[in-house]
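Have a look at the structure below, then the notes.
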Amino acid sequence: MPSLQESPVNDEQNGIQKHRLIRWVGRRILSTSAAALTIVVVTTLAGFFARHHWLADLYTNLRMQQVIGLIGVGTILAIGRHWKWVVIAFVTLCVHVPWFASALVPERPTVGDVPDGQRELVVMTLNVLTSNRQHDKVLQQIETASPDVFTILELGTPLHERLEDGLSSTYPYRTTLPQDGGNFGIGLYSKHPLTDVDSFSTNIDSILSIGATVTVESAAYRIIATHPLPPIGRDGFQSRNEHLQMLGDRVAGLRRGNGSVPVVVMGDLNLTPWSPLFGDFESRSGLKLAQSGQGIIPTWYAKPKPIFPFGLVLDHVLLSDDLQCVRREVGGDVGSDHRAVIVTFANRNTK
């Protein structure tokens, strides 16, 4: 029996069908990319209203994710030669990129630069997650970083007791307010004497911040540890904003009353530097975010694994203008959804 072979006509028809399929897939990819770009353009425009609505603020906190999306769809549209859409992607990208400039560029030395031989101080903030039971990892990270002063957020009784047992000799000065029934326990630990210790509330009585003056080699520094509510919904958004406004006023008052004492604020602010509300807090308090060219590394992840697009920069150290950030690091996984922020700084004005 003779073998069956496809005729040239069938081959041609198969080729036409494959070509049509490829064109259809290509059109769908391009139309999906254009739709995705339209969404990003809308969220970008909404970001201009971040001071007024929690969703608009959320979009600004997701600037990095929007930039990643813009680069992706812009590349696809460029391959498809849809130049009008490419221009729209580029213009939208230009709205976001300037927000990352200060986060990527190390601080330049200025007038009053740190004198030679000036002692550097290391501070650390870590939101440990109240339900986290990997206490040995937390303890190990603190010992490795060896900060002069550190704050623990979401401090519960079990971790409080573990730190008392493991660090009492290294950090004999501390004030702690553990809380097991919520996520707002807090503790401040120091190798150096603490004075004028003050636990205070801002807009919610049950959420406390800690302030204390630490003295290192006769130089005093005012340290404040804080943790506002997350901006979930309208009420959470307003609460976080009020917390930061009241804290900013408090810091400004400290600086007016005793401007010779540098101020450090650290904690989980539930806010990224990409929101205009962060700049409002800086302006109100007179503080500046310590970044040292590494400010885009996420400190909180929505997924168990630390995948960059699913992370946000929520944990911060802010310094008064008489302090200079020397180095900023982000710690590793200790079982929490947050990562530690470790900042080394020095005083510009003292020798």
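Please treat every number below as a calculation from the coordinates, not as lab data. Note that the coordinates shown come from a computational prediction; the quantities given were computed from them, not determined experimentally. Every residue, glycine among them, receives a Cβ derived from its backbone with ideal geometry; neighbour counts consider all protein chains shown.
Put a dot 7 Å past each Cα toward the Cβ at His192 and Ser260; how far apart are the dots in nm?
The answer from the label model is 1.6 nm.
For segment 237-329, what class follows from the C-alpha gyration tensor (a ≥ b ≥ c being the square roots of its eigenvalues): rounded when a/c is under 1.5, otherwise prolate if a/b is larger than b/c, else oblate?
Since a/c reaches 1.5 but b/c is at least a/b, the shape of segment 237-329 is classed as oblate.
Go through Phe100, Val343, Ala219 and say which Cα lies farthest out towards the positive end of the charge dipole of the chain; charges sit on Cβ, +1 for Lys and Arg, -1 for Asp and Glu.
Ranked along the dipole, the leading option is Phe100.
How big is the gap, in Å, between the Cα center of segment 256-318 and the Cα center of segment 156-186?
23 Å
Quick check on packing: order 266-272, 78-84 by the mean number of other C-beta atoms within 10 Å, highest mean leading.
My ranking of the peptides, most packed first, is 266-272, 78-84.
Give the whole-number value, in cubic angstrom per residue, of the convex hull volume spanned by the C-alpha atoms of the chain.
206 Å³
As a check on your grasp of the helix formula, calculate [θ] at 222 nm for the chain: sum -39500 (n - 2.57) over DSSP H runs of n ≥ 4, divide by the residue count, round to the nearest 500.
-13000 deg cm²/dmol
Relative contact order for the chain: what is it in percent, counting Cα pairs under 8 Å that are at least 6 residues apart?
Here the relative contact order equals 19 percent.
Go ahead and run the numbers for FRET between Glu120 and Thr38, Cβ-Cβ distance against an R0 of 45 Å, rounding to 0.05. Write down the numbers at each step before the final one.
Values: r = 49 Å, r/R0 = 1.09.
With R0 = 45 Å, the Cβ-Cβ based efficiency is 0.40.
Compute log10 of I(q)/I(0) for segment 107-243 with the Debye formula, placing one identical point scatterer on every Cα and leaving out solvent, at q = 0.16 Å⁻¹, to two decimals.
Those come out to -0.89, one per q.
Between Gln134 and Arg327, 0.36 nm times their residue separation minus their Cα-Cα distance comes to what?
Here the segment from Gln134 to Arg327 would lengthen by 66.8 nm.
What residues have an amide H closer than 5 Å to that of Ile297, excluding those fewer than 5 places away on the same chain, when H is modeled at 1.01 Å from N in the peptide plane?
Placed amide hydrogens put nothing under 5 Å from Ile297.
Relative contact order for segment 8-101: what percent, with Cα pairs under 8 Å and sequence separation of 6 or more? Mind dumping the intermediate values first?
Values: 58 pairs, mean separation 23.2, N = 94.
For segment 8-101, the relative contact order is 25 percent.
Would you mind working out the magnitude of the charge dipole of segment 112-347 relative to its Cα centre, with +1 at each Lys and Arg C-beta and -1 at each Asp and Glu C-beta, to the nearest 20 Debye?
Roughly 340 debye, rounded to the nearest 20.
Pick out, from Thr60, Leu188, Pro273, the residue whose Cα sits farthest towards the positive end of the charge dipole of the chain, with +1 on the Cβ of Lys and Arg and -1 on the Cβ of Asp and Glu.
Thr60
Just to be sure I follow the rule: in segment 112-347, considering lysines 8 or more places apart or on different chains, how many pairs have Cα atoms under 28 Å apart?
4
Within 12 Å, Cβ to Cβ, of Ile210, how many net charges do the neighbouring residues add up to if Lys/Arg are +1 and Asp/Glu are -1?
My count for the surroundings of Ile210 gives 0.
Rg/Rh for segment 8-101 to two decimals, with Rh computed the Kirkwood way over all alpha-carbon pairs. Present the calculation step by step, with values, prior to reporting the outcome.
Values: Rg = 18.1 Å, Rh = 14.9 Å.
Rg/Rh for segment 8-101 comes to 1.21.
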